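Scroll down for the structure; my scribbles are underneath it.
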Amino acid sequence: MRTDLFDFHLPPENIALRPANPRESARMLVVQGDGVLRDRTVGDLPDWLEPGDQLVVNDTKVIAAQLSGRRISRETEAKIEATLIKRLDGSRWQALVRPAKKLAPGDTIRFGNEGKVCLLGHLDALVEAKGEEGEVTLSFVFHGPALDQAIADLGRPPLPPYIAGKRPADEQDAADYQTMFAAREGAVAAPTAGLHFTPTLERRLRERGVGLQRVTLHVGAGTFLPVKVEDTEGHRMHAEWGSLTPDTAAALNDARAQGGRIVAVGTTSLRLLESAAQPDGTIAPFEAETAIFITPGYRFRAVDILMTNFHLPRSTLFMLVSAFAGLETMQAAYKHAIESGYRFYSYGDACLLFRQPDERIVEP
């Protein structure tokens, strides 16, 4: 499909720089198949679900993936900013760096500063390889848990560029940019729909008879990037590692057999569920990487309802929600949201989407 079909203008004032407080007070646009748009809040979510429905959340935990340092391998030093995007093994990471032109394979970057307590006060990495668009392979001097601790000590929350470009990350972001479900470290971006949840909202959902299941998808930075090619066929998704346990698969299959619906909290949960789903809709255990790319025409197998934030124009995520609820429906919903002052992106408001009937079947 043409990428420009998924473009829209978003005024800068609609971009949220801080989350709602309390989190469930964020607005929620309910989008159903009847074409009517309903303005609600996240706190109203239990009213839209039924006993036996299963809410599926992503329990990935965001690491402090933003590192500042300098090149020390030449006579002159250059300041370097790096965002870790994918772990390769115990000591190596893929990273996005800037300015990339200041680095070449064989260079050494020293992250941190000698005045901060982190092992020896800093963390060195060798530029092992250099790819396209600022991507490099970094080989760190530490390995395993020692490296994880060093990154945690020296890194900062990897705020998306549309927030980081307007203000620096601070201590509040360390809490704000983490969901209450966060348990398994590995993400470099938050599963943002989960940011709306609080223990109070979880209790009300359980009182309603809604089950809560956990899956893991370690979100990579590539998920949120705009699609730069003119046709979606030419876009390559970054692979992300995910896990869905046998117990979770059994619980979801049992609930669906009894008439319950599967409600994905966020596009990350949806992408993992659809990666694990069989042709007949049965959900199988899953532990692997997925690079599933969902655009209009995709036949959904696992998910009935999607709760998600408002996404970037031309992004794979806006393409996904357009596949789920219909392109024209989502264009109208986003137009309404912009005109009504909804807050967009990671710290923004939510929408609750009910899946459109399958108009045609296209196997992924």
Separation of alpha-carbon centers, region 286-320 and region 184-263, rounded to whole Å: 10
Restricting to lysine pairs 8 or more places apart or on different chains, what number in the chain have Cα atoms under 22 Å apart? 14
Rank-order 71-80, 56-65 by packing density, defined as the average count of other C-beta atoms within 10 Å over each peptide's residues, highest first. 56-65, 71-80
How large a share of the accessible area of the chain, in percent, is made up of carbon and sulfur atoms when the probe is 1.4 Å and the other protein chains stay in place? 50
For the chain, accessible area per residue (1.4 Å probe, heavy atoms of protein chains only), Å²: 44
Rounded to 5, percent antiparallel among DSSP beta bridges of the chain: 70
How much length would be gained if the chain were fully extended between HIS238 and ASP148, taking 0.36 nm per residue of separation minus their Cα-Cα distance, in nm to one decimal? 30.2 nm
Give me Rg over Rh for the chain, both radii from the alpha carbons and Rh done the Kirkwood way, two decimal places. 0.98
With each label point set 7 Å from Cα along the Cα-Cβ vector, what nm distance links ALA175 and GLN258? 3.7
Peptides 9-19, 189-199: what's the order by average Cβ count within 10 Å, highest mean first? 189-199, 9-19
Sorted peptide list for 323-331, 33-41, 205-213, 232-240, criterion being average Cβ within 10 angstrom, highest first: 323-331, 205-213, 232-240, 33-41
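The values are calculated or read from the model by the stated rules, or taken from the named source; none is laboratory data. Note that the coordinates shown come from a computational prediction; the quantities given were computed from them, not determined experimentally. Positions of Cβ are generated from backbone atoms using ideal geometry, with glycine treated the same way; all protein chains shown enter the neighbour counts. Note: accessible area is taken over every heavy atom of the protein model, side chains too, but ligands, DNA and RNA are not part of it. Shrake-Rupley method; radii C 1.70, N 1.55, O 1.52, S 1.80 Å.
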